[in-house]
Amino acid sequence: MSRAKRDNRTTAQLLRELVQAEHDIPKKQWHHVLAALRPMVREHGDHELANQLRTGLVIVEEIGLRDSSVLAHLLEQPVIMGFYTIAEARKTFGNDVAHLLELLLRVSELYATSPVVTTENFSHFLLSFAEDVRIILILLARRLQLLRVAEHHLDEDARLSLAIEASYLYAPLAHRLGLYGVKSEMEDLCLKYTDRETFDYVKNKLAETKASRDAYIAAFIKPVRKRLDEAKLTYTIKGRTKSISSIRNKLKKKRVAFEEIYDLFAIRIVLDSAPEDERAQCWQVYSIITDMYRPNPERLKDWVSIPKSNGYESLHITVMGPDQRWVEVQIRTQRMDEVAEKGLAAHWRYKGIRSESGLDEFMTSVRSLLENPNQSEEERIQAFKMDLYDEEIYVFTPKGDLVKLPKGATTLDFAYQIHTRVGSHTVSAKVNGTNVSLRHVLQNGDTVEVITSKNQQPKADWLNYVTTGRARTKIKASLRAQNEQVVRLAREELERRLKNRKLPYDAGVIGKVARKMGYKQLTSFFLDMSQDRVDISAFLDRYRTEMETPETDTMERLSAEDYISPTIPERITQEKEEVLLIDKNLSGIDYRFAKCCNPIYGDKIFAFTSSKGMSIHRMDCPNAQDLFRNYGYRILKAEWTGQNSGGYEAALRVVGHDDLSVVNNISGQIATEKEVTLRSFKVNSEDSLFIGYFYVYVKSLGVLTALINKLRTTKGVKKVERVD
């Protein structure tokens, strides 16, 4: 059934499907649910109920949750609207449903003040998540359903906010929890709402090449099916096209044309195996495939012997198929396939066959973030993001115990993963019997022995050696504790020195003298004092002078040496023209136009905040998706309110016949355009063609587009495109 047909189902059809899908809920309980929902329908119409039922189907069929989660989801809106109570839910459905309802209501309060989870309420979001992982799974289902209907039910600003939040929070969470289907669809929809041009380009290219791709898959599968039948295996086999977002990432990473990407699909073989035969039959199929097609040993990924921490199990191989094309083949069982599609939630259905590997570790890391009161919200978000790593390595202790770490982890990460005390006292390590430093990067299969000393303490530069959120959090906590002790001892030393000079201890005067010496914080002054980087005698002399100088004005007088010249703005902001509106109501803010994409008037744009200030980027900036994914909480809406009189910088890449007259025609054409100024250009020749880069100032996107269209008609020109 197509997505459009599924979305057109009536409320009665949706309810019937949900009742059939969620067979664990007795009919009597369904009657109670409908009684709670009826007042909501009377007040808000059938549409609201239909949307709730569609999300319920996502929770059951795509996420893999059952009874309590679906009931809590359906009952939340009636509770919010006052048509139902948690007490009634507890009496009718039990404590588990009531508990989930309470947590969902807590999260709803976060979204009541903002359409997305913000930096300010991130800890509250984590708190609900940490209490019960089913909450995040329900939220994932809701976000996926909202993304699906956003094009028809949300305005452009709301779609953008939703897409950015899903990029940096929900899609990585879906990946971390093993919901690969949910993650891929979320990323595709996010790309659709943030960079529609690229999304449509890849989608159309996939549609154009579907017939040839299907024919190739059929040719590859036919002999494989014959061999599997001869081996008397029970299986299903199909070709699966990769997601639009993953293809877009390949285009960006490899910098090639769509036609040059060959791994657009993967062949998946799913076996119907008994639990005790799973591993043996997967390797049997591996042997059959590699007998038929030459394998690439560097592309073998064995997640059957050692599953990923989110429970993912599969055997991936890449072989040389017909026409000398590399083809990825995924081998797994039906149980593994369900876990791959529904993630950790599917483990609850197979308890006893495989443990819920990785879930406890991940939830422990979430709780440890909440237990650190000294961490800022931004540090907490970054630490959480670091735990949503994509790739893992597996290393061993000397006793043979398995430790899972993110790719790029060091021996120091390993030590902190074992125990905080071990990490804090680490001096070096042995990897496979060889002495290595703390910053040594570990590889798959390494055996690591940590060497400790009770005299060792964490150092500030250790933060440069670690990649895991756990290690970074523990190191910062240790450094903070060390600094507090050092500051306390330095303060006591200063009190003794003042007492020897018969001077009173005045924290205000100490702070004033320290500021005049260039210290912004008193803590920094005491730390330097402990390291003998402060001339204490000179400080005491200045302190005495300050104490003896009468106060003549309540305002502190600043020396001319303290004058800080304002930051020189870039070319466009120099003229103090107000051409942007940030976050709907902010204006008069210092910003710069990002050099990675050079936005001009008319481009769809967004603002990105960092320690370096605010930068303005195009929606189709080559770095946009990475910024959305990694720093979504720093993204602000931005829109043009006018044009800058100085113009905007843009770059054009022109390819044409290697003839000087062609280049002269191009530069002449640019010179005749009234609203275009040619700043510079450079030309290289190669294989009877020239490649030229022309840097211009233009008034707007419309002017640039018109210029590109004119240059494309110039004799001898083969291609003109805007570049970043």
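The values are calculated or read from the model by the stated rules, or taken from the named source; none is laboratory data. Worth saying up front: this structure is predicted, and the values here are computed from it rather than measured. Note that we place each Cβ from the backbone using ideal geometry, even for glycine, and neighbour counts take in every protein chain shown. The accessibility values were calculated without ligands, DNA or RNA, using every heavy atom of the protein model including side chains. Shrake-Rupley method; radii C 1.70, N 1.55, O 1.52, S 1.80 Å.
For the reader, a short list of remarks on this structure follows.
- Per-residue SASA entry for ILE221, accessible area with 1.4 Å probe, Å² rounded to 10: 20 Å²
- Amide H contacts of THR333: LEU271, each under 5 Å away and 5 or more positions distant or on a separate chain (H built 1.01 Å from N in the peptide plane; Pro and chain starts excluded).
- Sulfur and carbon atoms: percent of accessible area, the chain [1.4 Å]: 48 percent
- Förster-model FRET efficiency, 51 Å R0, ARG501 and ASN455, C-beta, rounded to 0.05: 0.90
- Shape parameters for the chain, alpha-carbon atoms, Rg then Dmax in Å: 31.1, 101
- Counting only heavy atoms of the protein chains and using a 1.4 Å probe, ASP528 has close to 30 Å² of accessible surface.
- Net charge dipole, the chain: roughly 980 debye, given to the nearest 20, about the Cα centre with Cβ charges of +1 for Lys and Arg and -1 for Asp and Glu.
- Normalised by the number of residues in the chain, the average gap of Cα pairs under 8 Å and 6 or more apart makes the relative contact order 8 percent.
- Annotation: per residue accessible area for the chain equals 51 Å², rounded to a whole number [probe 1.4 Å, protein chains only].
- Put a dot 7 Å past the Cα of VAL441, heading toward its Cβ, do the same for GLU675, and the two dots end up 4.8 nm apart.
- Residue-wise HN-Hα coupling along the stretch 599-614, computed from phi with Karplus coefficients 6.51, -1.76, 1.60 (Hz; x: Gly, Pro): x, 10, 3, x, 5, 6, 9, 8, 9, 10, 9, 8, 5, 8, x, 10
- Over the stretch 380-505, Cα pairs under 8 Å with separation of 6+ residues give a relative contact order of 25 percent.
- From helices alone, the chain scores -15000 deg cm²/dmol at 222 nm; the rule is -39500 (n - 2.57) for each run of n ≥ 4 DSSP H residues, then divide by the residue total.
- 27 Å Cα-Cα threshold exceeded, pairs from LYS203/LYS710; LYS203/LYS342; LYS242/LYS595: LYS203/LYS710; LYS242/LYS595
- Percent RCO, i.e. relative contact order, over the stretch 601-724, from Cα pairs under 8 Å lying at least 6 residues apart: 29 percent
- Near the amide H of ILE393, within less than 5 Å, lie the amide hydrogens of LEU405, LYS407, all on another chain or at least 5 residues away, with H placed in the peptide plane.
- A straight chain from ASP535 to SER688 at 0.36 nm per residue would run longer than the Cα-Cα distance by 48.1 nm.
- Förster-model FRET efficiency, 25 Å R0, ALA257 and SER667, C-beta, rounded to 0.05: 0.35
- HN-Hα J in Hz across the stretch 434-439 - Karplus 6.51, -1.76, 1.60, θ = phi - 60°, x for Gly and Pro: 9, 5, 9, 8, 5, 8
- For SER428, the residues whose modelled amide H falls within less than 5 Å of its own, excluding neighbours fewer than 5 places apart on the same chain, are ILE451.
- Residues in the stretch 299-308 carry Karplus couplings, in order, of 9, 6, 10, 9, 9, 8, 5, 10, x, 5 Hz; the curve used is 6.51 cos²θ - 1.76 cosθ + 1.60 with θ = phi - 60°, and Gly or Pro positions show x.
- Length gained when the stretch GLU208-SER611 is fully extended (0.36 nm per residue, less Cα-Cα span): 140.6 nm
- FRET efficiency, 1/(1 + (r/R0)^6) with R0 41 Å, evaluated for ASP724 and MET81 via beta carbons: 0.25
- Here, the stretch 69-170 is characterised by an Rg to Rh ratio of 0.98, where Rg is the alpha-carbon radius of gyration and Rh the Kirkwood radius.
- In plain terms, the chain is cut at each of the chymotrypsin sites (Phe, Trp or Tyr not before Pro) found in a DSSP loop with at most 16 other Cβ atoms within 10 Å, and the longest leftover piece is 1-261.
- Computed extension gain for GLU197 through ALA218, at 0.36 nm per residue and net of the alpha carbon distance, reaches 4.4 nm.
- Rh (Kirkwood; distinct C-alpha pairs) - the stretch 582-694, Å: 16.4 Å
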